[in-house]
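Take a look at the structure set out below.
Just so you know, all these numbers are worked out from the coordinates, no wet-lab data involved. What you are looking at is a predicted structure, and each value in this text was computed from that prediction instead of being measured. Don't worry about glycine lacking a Cβ; one is built from the backbone with ideal geometry, like all the others, and counts go over all protein chains shown.
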């Protein structure tokens, strides 16, 4: 049986990336004179929600490692996250890290495929536009 922890899936990682990017983008807008105090409030709310999700995720991983220490140790060895366990001092770190690593790899693959398709469609559209322009000249 395979189970997942909240926030460690594709949606959670995507939300994490967006939450990290929001203050960077808004700071850039503020420097250019296009900032908005309302957006900073929304950024604070999003960052607070992300912090709450991480606390929940680590609490659940901790509870799993306390209730099922054998299963957690096995999954940690199978996922190759034993180093995270030693670093964190518990088996919770490896459980969370392993789930996030798999999701991050999947997210990177999805992003590469999406951007490759986007570039391909842009090139195809430009080639069609050039072809139509060439035909109109003739």
In nanometres, what is the gap between the two model label sites at residue 104 and residue 14, each 7 Å from Cα along Cα-to-Cβ? 1.9 nm
Between residue 66 and residue 118, what is the label-point separation in nm under the 7 Å Cα-to-beta-carbon projection? 4.3 nm
What nm value, rounded to one decimal, do you get for the distance between residue 27 and residue 111 when each label is placed 7 Å out toward the C-beta? 1.8 nm
